[in-house]
Structure formats: structure tokens, C-alpha cells
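Here the structure is laid out as C-alpha cells; the discussion comes afterwards.
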Amino acid sequence: MSRCGRRVENMLELRPTCEHCNKSLPYNTHEAMICTFECTFCKDCVKNVLKEMCPNCGGGFEKRPLRPKTLLGKYPVSASIIYKPVDIKSHLKRLNKK
Ligand SMILES: [Zn+2]
Ligand SMILES: [Zn+2]
């Protein structure tokens, strides 16, 4: 159990990069945005490219909380880089249907 009472396997996955532009998003950046399924994008992509809608699940984004540095040893950031640039055209189409 972590201090927050959540099981460790369920902790928030801190992905190291933006899925769309592959920009690096360290644990302490204020630029990282996540959706409810932890799809991770940088602030610029969310605002300018995705228009606040997640291309994978269709949900919205929230700012990713910072993980305290003291907990990084025990709960490190994710090493799995997910890089799959969004198909902007079909994303916008989907967006307009909403
Ligand atoms: Zn990005
Ligand atoms: Zn999503």
C-alpha cells in the first residue's frame, strides 16, 4: 500500500513523453496532461492539436499531478514510451460530431 492507501500496481502511470509529439515530460513538468485512462500528452498538443479531447478514448484532460521527488525511488516513473502521433484529420472529424 502506498501512503495514499492505493495499491501500488494501481498508481498513476507517469509516462515519460507526449504520445503525439514525443516531447519529454519529466515527473516534475507542469506541461503534462492526462486523460482518465492515463493517455499522456503535452499541454501544447492538448490545447492546439487535440482541442482538449483525448484521441484514444474521447474523454477530456486534466493536468497531471506532480509526484514528490522523495517517492520516485519507490514509485518511479514509467519507462514505456508511447509514441503514436494522432491522425489530426480523423480526430477533428470525431470532435465535430460531438
Ligand atoms: Zn505534445
Ligand atoms: Zn484517453
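Derivation of every value follows stated rules applied to the coordinates shown; laboratory data play no part. Predicted model, so just to flag it, every value in this text is computed and none were measured. All Cβ positions, glycine included, derive from the backbone under ideal geometry; neighbour counts span all protein chains shown.
With the simple spin-label model, which puts each label point 7 Å out from Cα in the Cβ direction, the Asn22 to Arg67 separation comes to 2.3 nm.
For the range 59-98, just say rounded, prolate or oblate: build the C-alpha gyration tensor, square-root its eigenvalues into a ≥ b ≥ c, call rounded for a/c under 1.5, and beyond that prolate if a/b exceeds b/c, oblate if not. Walk me through the intermediate numbers first.
Numbers: a/c = 5.85, a/b = 2.34, b/c = 2.50.
Because a/c hits 1.5 or more and a/b fails to exceed b/c, the range 59-98 counts as oblate.
What full-extension length gain, to one decimal in nm, is calculated for Glu38 and Met11 as 0.36 nm per residue of separation minus the Cα-Cα distance? Please list the in-between numbers first.
Details: separation 27, 0.36 × 27 = 9.72 nm, distance 1.06 nm.
Difference between extended and current length: 8.7 nm.
For a quick check: sort Cys39, Cys57 by the number of other beta carbons within 10 angstrom, fewest at the front.
Fewest-to-most Cβ neighbours within 10 Å comes out as Cys57, Cys39.
So if each residue of separation counts as 0.36 nm, and I subtract the Cα-Cα distance between Lys84 and Asn48, what length gain in nm does that give? Please report the intermediate quantities before stating the final value.
Details: separation 36, 0.36 × 36 = 12.96 nm, distance 1.69 nm.
Computed gain between Lys84 and Asn48 is 11.3 nm.
If you rank Arg94, Arg15, Arg67 by fewest surrounding Cβ atoms within 10 Å, what's the result? If you can, show how the numbers build up before the last one.
Working: Arg94 13, Arg15 21, Arg67 16.
Going from sparsest to densest Cβ surroundings: Arg94, Arg67, Arg15.
About the centre of its Cα atoms, the range 31-88 shows a dipole size close to 280 debye [charges on the beta carbon of Lys, Arg (+1) and Asp, Glu (-1) only; nearest 20 debye].
Dividing the alpha-carbon radius of gyration of the chain by the rule-of-thumb value 2.2 N^0.38 Å gives 1.13. Among the listed pairs Lys23/Lys93; Lys23/Lys84; Lys47/Lys89, those with a Cα-Cα distance over 20 Å are Lys23/Lys93.
Remark: the chain carries a charge dipole of roughly 160 debye about the Cα centre, counting +1 on each Lys and Arg Cβ and -1 on each Asp and Glu Cβ. As a proxy for reagent exposure, ranking Met33, Met11, Met53 by other Cβ atoms within 10 Å from fewest up yields Met11, Met53, Met33.
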